[in-house]
Structure formats: structure tokens, C-alpha cells
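The values are calculated or read from the model by the stated rules, or taken from the named source; none is laboratory data. The structure displayed is predicted, hence computed values, not measured ones. When we count neighbours, we look across all protein chains shown, and the Cβ atoms used for this are built from the backbone with ideal geometry, even at glycine. Heads up: the accessible areas ignore ligands, DNA and RNA and are worked out on the full protein's heavy atoms, side chains in. Shrake-Rupley method; radii C 1.70, N 1.55, O 1.52, S 1.80 Å.
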Amino acid sequence: MSAPTTPGPTLPAASPSQASPTSTTAGRRRGGLLDWRVRFAILSVVWGFSFLLIKVGTEAYAPFQVALGRVLFGALALLTVLLVRREPLPRGLRTWGHLTVAALLLNTAPFSLFAFAELSIPSSLAGICNATSPLWGMALSLVALSEDRPTRRRFAGLGLGFLGVLTVLGAWQGFSGVDAKGTAFALLASLCYPIGWIYVRRTLAGTPGSPVALTGGQLMISTLQLALVSAVFTSAPGSFPLWPTLSVIALGALGTGMALQMQYGLVTEVGPTTAQMVTYFIPVIATTAGVLVLGEQLHWNTPVGAAIVLAGAALTQTRPGARRPA
């Protein structure tokens, strides 16, 4: 599974490819309280609504503060799980050093950039920009990861995906009506995810510890990073309006805490290929939520371009089939 495009990527243990055959078989046998299809739908909705929650949060709080609340409540959710399970946090200075870099690339930077982006662009556009992560990831992995071999289909997917981006932005109109700065922030946030995942694969693969422990530690460090940045560049909020506050809490506890737990369960139960399909529902739900709840305008090129982006992303995820032995 390549770099995920979800608003809250996690550490290597979140990557489905690292689930052991034993745990996968056991997960499929046990299942959960809810059918995996129901949990898949819930996860799609939670991550799809994340961009709406960011938009509402920025109505009362500075972007750095929205990002801070997101990682704080996400960390609290995962630490609660660790406490209930009596699992320890990761150990070793080397591990925590790599977690610090991972937190910057996978949480602190992209979460802040998306919050800044949504000051000037619709939440639906931010959700579509997020869907470009597999495209960035494919382009980077061809250079940085020797196991990802270039194929004609993957190159076609890259070209098709970025054609979809140009369609969304209305390139034939000279990008009129599109805030360049906000869109650039959203695309840069999407680029952070595959960079972070390549770093994680090179430095933290095989690190002892459960997915929850590693991700909880990562979110703790991101909380410290954003607390420092917020203290330096923003002033304390004078009030705590109800809806923006609830949005930030939900963004962290649900979209960054509960959703990651649900993702782990799906990976072990139905496998990485099915679990990563949630990626292709996120921009659809983000666009629908932005239009219906926030009243954002929707032009024909937005859904058409989004569909092209997703088609290109799907092509970049295809793997060449193994050759049959002679």
C-alpha cells in the first residue's frame, strides 16, 4: 500500500502491508461488533467530513490552533486506548528521534497547511487536493524506493491524475476564481504525506511497538511541536465558540483517533487492498459535505476533475503481476 491520502496518516504500523499473516487471519476470523462494510462507511464519512470540520474550526481559531487541537485530542484518544490495553509507549532515543521527524511530516506540517488553505479555499477543494497524495507518492517512490518499479500504467496514472488537477483548477480559464495561495498550501500538505511515509519506511520499519503506541507517540510529539509554534505565532483565543470548538474536538478525537483505530481493524480483517479503497470516497464526501452543509459552490469541472484525479490515483496503485514460473 502506498502513501495513504487520508487527512491523518500514521506510522508504519498503520500501513496494511505490515500486518502479519497471523494477525490478519485472526482479525478476519474475529471481525468486530459491526460488519466491516459499516465500519468502512463510517470511516469514509469521518475522514470525508474532516475538511468541513477544519473549515468550521478556522472560523474561530488560528490555523495553528486548529492543528494543535486536532493532534491533542487525537493523542488523548489513542493514549486512552493504550491505558485500557496497558500497552507502553515506544522506547529508545533513536525511535523517538525518528518519530519527531515523522510527526513533523505527517501531522504538524500537513494539518497546519490544510488549515491555512481553508482560510481562502472551499473545504471541497481541499478534499480534492488531498486526493493527489497517491500521485505525489508514486512520483517520489519511483526515485526514492527501489521496490516501486515504473510501468506504463503508472506513468499513465500520473499524467491522468495531474490532468484532473488542472481540470479542477480550471486551467483553460487561466485559473480564474481559484485562490493560488490556498490551493498551493493544500497541494503542499498532500505532498507532505508521501514524503513522510518514505521517511518512515526507511527509518521505522520493524520498530518494536503496536500501531497505537507508535502513532500515539507521534501525535504527542506533534502536540508539543504545535504548542510551541502556536505560542510563538498566535495569541490565546479570547473565547471558545461552541461549534468551532466541537469541530476541533471531533476532528481530533474522531478523525485522528477513532478513525485510525478503525483503519487498523479494517486492514487486519479485510486486507490492505480493500481498506485503502476508503481513499477514493473521501473527496466525494468532502465535496458533498461542503456543498450541502456549508453552501459551497460547485462547478462542473470540480466533480469531473475529481473523478479524473481518482482514476489516475487508482492507476498509480496497480502492481505488476508476478510472473509464473517456467
Across (1) open to solvent by 70 Å² or more (accessible area, probe 1.4 Å); (2) under 21 Å from the mean Cα position of the chain (by Cα), Gln173 clears everything bar (2)
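How many residues does the range 236-264 contain that are touching a residue at least 40 places away in the same chain (Cβ under 8 Å), open to solvent by 40 Å² or more (accessible area, probe 1.4 Å) and either outside any helix (DSSP H, G or I) or more than 30 Å from His98 (Cβ to Cβ) (or both)?
Of the range 236-264, the ones touching a residue at least 40 places away in the same chain (Cβ under 8 Å) are 237, 239-241, 243-245, 247-264.
This time we only want the ones that are open to solvent by 40 Å² or more (accessible area, probe 1.4 Å), so: 237, 239-241, 243, 249, 254, 258, 261.
Those still in the list that are either outside any helix (DSSP H, G or I) or more than 30 Å from His98 (Cβ to Cβ) (or both) too: 237, 239-241, 243.
The number of residues fulfilling the criteria is 5.
Among the residues of the range 221-234, which ones are surrounded by fewer than 23 Cβ atoms within 10 Å (Cβ to Cβ) and touching a residue at least 40 places away in the same chain (Cβ under 8 Å)?
We begin by selecting, within the range 221-234, every residue surrounded by fewer than 23 Cβ atoms within 10 Å (Cβ to Cβ); these are 221, 224-225, 227-234.
Matches in the range 221-234: Ile221, Gln225, Ala227, Val229, Ser230, Phe233, Thr234.
Being under 16 Å from the mean Cα position of the chain (by Cα) and within 24 Å of Ala313 (Cβ to Cβ) is true for just one of Ala259, Ala253. Which residue is that? Steps first, answer last, please.
Details: Ala253 fails: within 24 Å of Ala313 (Cβ to Cβ).
Criteria check complete, one pass: Ala259.
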